[in-house]
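Laboratory data are not the source of any read-out in this text; all were calculated from the coordinates shown. Keep in mind it's a predicted model, so treat the numbers as computed, not measured. Backbone-built Cβ (ideal geometry, glycine too); neighbour counts: all protein chains shown.
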Amino acid sequence: MPNFQFTDWLISCWCDPAASAEQAAILRGRQFHAVVRQLPLSSIGNTISALVLASVFWGQLDSWVLAGWTLLVSAIALGNAGLWWARRAVLPSSPVSVRAVRLLVAGIAASALAFASMSGYLYSAADGDGRLLLTAVLAAFIGMGSWMYSCLPLASILWSCILCAGLAVLFSSRPEAVYTYLMGLLAFYALVVWSTTLLTSRMFLNGLKFEAEIERQNQLVGLLLHDFEEHASDWLWETDRQGCLRHVSQRLAQAMGVSPAGLQGQHLVQRMAALSPHMVPAHAAMFRALEKCLAQQQPFRGMVVPARVAGQLQWWSLTAKPLRDSAGLWQGWRGVGSDVTAARQRELEMARLAHIDTLTGLANRYQFGKRLADYFAPAQPAGPCTLLLLDLDNFKTVNDSLGHAVGDQLLQTVALRLQSVVDPLALLARLGGDEFAVLVPGVLERPEAERLGTQLQAALAQPWLADGHRIAVQASIGVGFAPADADTAEQLLKVCDMALYAAKAAGRYRLRFFEPALALRAQQHLALLSDLGLALQRGEFVLHYQPQVDLASGALLGFEALVRWQHPLRGLVSPLDFIAVAEESGLIVPLGAWVLRQACVDAAGWPAHLRVAVNVSALQLGHADVLAVVDSALQHSGLPSPRLELEITESTLMHDSQAVLEVLHALRDKGVRVALDDFGTGYSSLAYLRSFPLDKLKIDRSFVSILDRADGDTSAAAIVQTIVQLAQALHLDTTAEGVETAAQFTLLRRMGCAQAQGYWIAQPMDAAQTRRFMTGWSAKLLLSL
């Protein structure tokens, strides 16, 4: 086994046993070339050495022999040099046959044999100094030749063997004892030379295999790059240290609309900048940023620059890394470019959409907020300004009665009419819903601001026709001045809101300027908020109940609990005046808990078949432990859970829907019923019917109130009919709110609606009135009306 391993190692010094015939020929070619390229130097050395030796021994030996030997060495050297001349243009990786290698080895061996034979002839006649000279020359020749020819181990070993054999013959012919020691040293020297030759050859061969693999990989990479350049949408580029192109791909030339030859050697950034001769400052800044990246000699990615090709503006993305040589010195840049016009256009469009209102095309609240903040920026304020806030009067009525599509068209028409009045230097924005803003640079005098407001109202005053309906559009306007009325953006918005609220309170279609008195009213609002908090502590809230009846039989089914505020000074306050304040302040949570508890206590004294419905706001579900509140109310009152019905709005479902879903399932598990209030007014109501546990849909009064309209509009009836059919398909009850006429009651019953409530049945009543109502209720009387 050891002998076999040594044999394998020895073969690996000579050639690659695993190589194919083609690969072996290429490796031989590289070994052959490595030796051939040294032939001129070795030939010159051999010739000079031969001339030196001949001159030293000239006159001591036969001149003809010396001359002939010198000519022989020179002829062999000339032949080797001729071989180099013939192979000088051949690539090192060109394959070489075994025969060519043998011929080269034969030439090298002939040189060694010539020197060995002539040295023997000279040695016989030389004195001590001459023999020392010859020994030194042959030893040098052995070492230098073995090292020079080690790339081709056969040539190296033959060279050293022949010369060592020649020295050995010379040493053996001398009787002196010192030559016996020299023989031993020569043998050791030969072993060292041969071992060194084999090791050097093996390392050289491994290097050749590594180079061949690198070259193969480079060829593969080259093929892939070529395929990339031919078929990919991106293109490659490479520059020198001055930024001039030194590799121009076909794709790059096509992208720039010129030939590859026309781009070669041109400065990349300057050539790209030349494609956009009349660029805007923002585009020029992009090229400066690119030049800065190139100057820093650091990799960069996704640097976007503009380019105008064939009259069309394009956007190119450049990614590159610096090229460095083996010493780490920067040599230029290599990178890839791609056309990102489509993506850039999408980005620009998204940026544009982020600053505009998609419905009207006006500035949106975000852009308005940024522009308004500029007027109060401490570093570089834009100066004084005037702000007009506009709110359309009765827009909700139009939206609810004619639908959102008509409402959107109305908003678009309003935007166009306002644009026709507003100066281009002012900013017209839609802040949301039916609220618009006009931000005018500079402070307008009051008459000027009032004249502008009047023009805006007049532009909207012309009636607008939609689906055969004649719609009169009016607007209320609140005006504020900065810095006279406010010294911050938030404060200016606040004072304009106060003025707008005052305009609406004055009867709508009004224009009001901010006055200090409006701030006083705001303080009164805060006072109302404070009273609201105390009202809970003082027990000033009471519950009224509105009955719910079965449309088919007229049977009384239950009541909806409605909270009222019995204010000590204002009297009975409607929920419209304080519920919004309660939600704004968060007081709706404790107020809702009280309503739920009191409603359960009152309902516990009713007949066992009657239910009570209690409204629950989104804040209650989101910020209170509704389950604990419901459990407490039921336990305290003793009311069975199936007699309790909680009414929620669609906005409640949209708020943290997963958490709400879990709460509603828990309520259903307790037996509590769940009704969806104001159904039909939300844009995504149907999405919740399958995922949320519901028992009832309450049809919004905005549809019920126009069921018996005299103008023949059947859209409301169609909507109600659809809701009823949908509820029946999903096995849900339906309750129509706001039934105010017998005709509405009759139509709802014909449509199959299950339940109804409204003024035509009864107005909300206090607890005592409710008990009397239950006693005197007659289903037959209701059905006979």
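Things worth noting here:
- Contour minus Cα-Cα distance for VAL258 and ASP325 (0.36 nm per residue): 21.0 nm
- Listed values for segment 452-459 are Karplus-derived 3J(HN,Hα) couplings in whole Hz (6.51 cos²θ - 1.76 cosθ + 1.60, θ = phi - 60°), namely 5, x, 5, 5, 5, 5, 5, 5, and x replaces Gly and Pro.
- Amide proton proximity set for TRP464, modelled H, under 5 Å, gap of 5+: ILE471, ALA472, VAL473
- Theoretical gain in end-to-end length, ASN394 to VAL304 [0.36 nm per residue, Cα-Cα removed]: 27.5 nm
- Highest to lowest packing among 720-731, 557-568, scored as the average C-beta count within 10 Å: 557-568, 720-731
- Whether segment 331-469 is rounded, prolate or oblate, judged on the alpha carbon gyration tensor where a/c under 1.5 counts as rounded: oblate
- Label sites at ASP625 and TYR181, each approximated as a point 7 angstrom past Cα along Cα to Cβ, lie 10.8 nm apart.
- Peptides 284-292, 472-480, 548-556, ordered by how many other C-beta atoms sit within 10 Å of their residues on average, highest first, read 472-480, 548-556, 284-292.
- Karplus-based coupling profile of segment 104-116, in residue order and whole Hz: 5, 4, 4, x, 5, 5, 5, 4, 5, 5, 5, 5, 5, with θ = phi - 60° in 6.51 cos²θ - 1.76 cosθ + 1.60 and x standing for Gly or Pro.
- Cβ-Cβ distance of VAL542 and VAL581, R₀ of 25 Å, FRET efficiency by 1/(1 + (r/R0)^6): the value works out to about 0.90.
- Per-residue extension of 0.36 nm, minus the Cα-Cα distance of LEU359 and GLU448, leaves a gain of 29.1 nm for this segment.
- Top positive-direction residue, dipole computed over segment 301-377 with Cβ charges, set THR360, THR319, TRP333: TRP333
- Using the Cβ-Cβ distance between LEU661 and ALA461 with R0 set to 51 Å, the FRET efficiency from 1/(1 + (r/R0)^6) comes to roughly 0.60.
- Close amide H pairs (under 5 Å, H built 1.01 Å from N) link THR734 with LEU697, ALA754, GLN755, residues at least 5 positions away or on another chain.
- Each label was represented as a point 7 Å from its Cα along the Cα-to-Cβ direction; for PHE188 and SER420 these points are 11.5 nm apart.
- Between ALA136 and TRP85, the C-beta separation translates, for a Förster distance of 30 Å, into a calculated FRET efficiency of about 0.40.
- Rounded if a/c under 1.5, otherwise prolate or oblate - segment 483-611, Cα gyration tensor axes: prolate
- Amide H contacts of LEU557 (H built 1.01 Å from N, under 5 Å, at least 5 apart or other chain): GLN548, VAL549, ASP550
- Label sites at GLU490 and SER97, each approximated as a point 7 angstrom past Cα along Cα to Cβ, lie 9.5 nm apart.
- Charge sum, other residues only, whose C-beta stays under 10 Å from GLN297's C-beta, Lys/Arg counted +1 and Asp/Glu -1: +3
- Spin-label proximity, GLN312 to segment 335-353 - amide N less than 16 Å from point 7 Å beyond Cα toward beta carbon: 338-346
- In order along segment 597-611, phi translates into HN-Hα couplings of 5, 5, 4, 5, 4, 5, 5, 5, x, 7, x, 5, 8, 8, 9 Hz, rounded to whole numbers, per the Karplus curve 6.51 cos²θ - 1.76 cosθ + 1.60 with θ = phi - 60° and x for Gly and Pro.
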